[in-house]
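What follows is a short report on a single structure.
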Amino acid sequence: MKIIYLDHASACPLDQRVLAFGRKYLEDTFGNPSSLYSTGLEAKTAIESARQKVAGFINAEDEKSIIFTSGATESSNLAIRGTALRNMAKGQEIVASAIEHISVFNPMKELQKQGFKLTIIPVDHYGHIDLRELEKAVSPETIVTSVMYANNEIGTIQPIREISEIVHRKGIYFHVDACAAAGHIPIDVQSDGIDLLSLSSNALYGPQGVGALYIKPGVKIQTIMPGGGQERGLRSGTENIFGIAAMGEAARIAKEDMEKDRQNDLKIRDELIRGILKVEDSYLTGHPVERLPHHASFRFARIEGESILLSMDMFNIQIATGSACSSQTLEASRVLLAIGLKHEEAHGSMVITLGRQNREEEVAPTVEAVKNTVAKLRMLSPL
């Protein structure tokens, strides 16, 4: 039986167009980009071409503002720790929303151990950041404020431009984790007022283990991984030629296909929401309108999310119950608790994230599997 894959927030399949483009960088172009002979220069050209594509994808000022990394986690660490440590003379305050990804929270907690003051901004029941609390928290000594473009667990899109205005009027730098949003909604770092932005290759249907960090010209940042001085001295280590070249092509395709993908996702997403909300005591989490076009997230009373995931897998339907980076713990989702759910409510969650290969005919079997799963688990539940 065919698997219906509905967990693109955790991992996207490699687009075959990206693989075809990048194959030569696995087989033929193997040179070190730091070498001056022709094979090395060919590799260097591939990196610079990818840099231009990623810059164009987010409307960066120029390609020099793009730094390639091993993934979004490294990008966010470099953005947050590198910026905070480089600008300690200006202040030692950092700010984040209560629903940031763990790759943002943990670097901030590390800075807190080093003496920085960390302020967490609450969100409302839809997951929107409280702008009044942000206004009170940010000060001239706030070096970096981090708010994700859209949340990977509940799909809510943040008012990025309003946040940027507050941060720059009162503080210094604004970092955005754009991994969940990139490729699904347009991102323009210049008009959005973003200083630092983290991207993941795999979220764009590129290879895993590659990411990028946008650094606005003039932003002061220091390396957190010194070495040979690659990537403007900010990210040392011999570059992953295939990964970087493929990420560039994935970004180009994502920009080109975004509207087509959005229309396909919206039709399927809305049908899924209508069907699944017919289940008794089921609820949509996140904002009903201001959410990512490929994202549908729910909670079900009186059952556990891990049981939902395992039961759905028996129907050959793969979904999530929260962030993949936090899936090894059985604790309630930090995001769902932040939007005001009780612990017992936060445990019964299901997250569906669509991708390019999903089709409308997958809606009916998915809805039916959800109905059967919830009915079966409620019969077994002591709750």
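The values are calculated or read from the model by the stated rules, or taken from the named source; none is laboratory data. Keep in mind the model is a prediction, meaning the values are calculated, not measured. Note that each Cβ is placed from the backbone with ideal geometry, even for glycine, and that neighbours are counted across all protein chains shown.
Observations on the model:
- Test: residue in the range 47-66 that is among the basic types (Lys, Arg), buried (at least 18 other Cβ atoms within 10 Å of the Cβ), outside the structural domain of Arg356 (by TED's automatic domain parsing) and over 30 Å from Glu368 (Cα atoms): yes
- Subset of the range 71-121 (residues that are surrounded by fewer than 20 Cβ atoms within 10 Å (Cβ to Cβ) and among the polar types (S, T, N, Q)): Asn87, Gln92, Asn106, Gln112, Gln114, Thr119
- Residues of the range 63-97 satisfying the condition of being more than 27 Å from Thr45 (Cα to Cα) and not in a helix (DSSP H, G or I): Asn87, Gly91, Gln92, Glu93, Ile94, Val95, Ala96, Ser97
- Only a single criterion out of (1) of a type in the set (Gly, Ala, Ser); (2) in a loop (DSSP other than H, G, I, E, B); (3) not assigned by TED's automatic domain parsing to the domain that holds Ile319 is not satisfied by Ala246, namely (2).
- Among the residues of the range 198-242, those that are more than 28 Å from Leu26 (Cβ to Cβ), of a type in the set (A, V, I, L, M) and at pLDDT 95 or above comprise Ile215, Val219, Ile221.
- Going through (1) on the phi > 0 side of the Ramachandran plot; (2) at pLDDT 95 or above one by one, Gly322 falls short only on (2).
- The lone exception for Asp261 - which of (1) closer than 27 Å to Gly71 by Cα; (2) in contact with a Ser or Thr (Cβ under 7 Å, 6 or more places away or on another chain); (3) not hydroxyl-bearing (Ser, Thr, Tyr) it fails: (2)
- Candidates in the range 171-193 are the residues that are without any contact (Cβ under 8 Å) to a residue 60 or more places away in the chain and touching a Leu at 6+ places or on another chain (Cβ under 9 Å); of these, the one that is surrounded by the most Cβ atoms within 10 Å (Cβ to Cβ) is Val176.
- The listed residue being small (Gly, Ala, Ser), closer than 30 Å to Ile352 by Cβ and out of contact with any Gly (no Cβ under 8 Å at 6 or more places or on another chain), out of Ala137, Ala96: Ala96
- Residue, surrounded by the fewest Cβ atoms within 10 Å (Cβ to Cβ), within the range 347-377, restricted to residues that are under 25 Å from the mean Cα position of the chain (by Cα) and of a type in the set (S, T, N, Q): Gln357
- Contact map, the range 231-246: first residue closer than 10 Å to Ile67 by Cβ, second residue among the charged types (D, E, K, R) and at pLDDT below 95, Cβ cut-off under 8 Å, separation 6 or more or different chains; pairs are Glu231/Glu239.
- Considering residues of the range 325-335 that are hydrophobic (A, V, I, L, M, F, W, C) and at pLDDT below 95 only, the residue surrounded by the fewest Cβ atoms within 10 Å (Cβ to Cβ): Leu330
- Of the candidates Asp270, Asp313, Asp281, Asp261, the single residue that is among the charged types (D, E, K, R) and on the phi > 0 side of the Ramachandran plot is Asp281.
- Unique residue being closer than 25 Å to Ser10 by Cβ and of a type outside the set (Val, Ile, Thr) when the list is Ser103, Ser38: Ser103
- Residues (among the β-branched types (Val, Ile, Thr) and in contact with an Asp or Glu (Cβ under 7 Å, 6 or more places away or on another chain)) located in the range 340-366: Val351, Thr353, Val363
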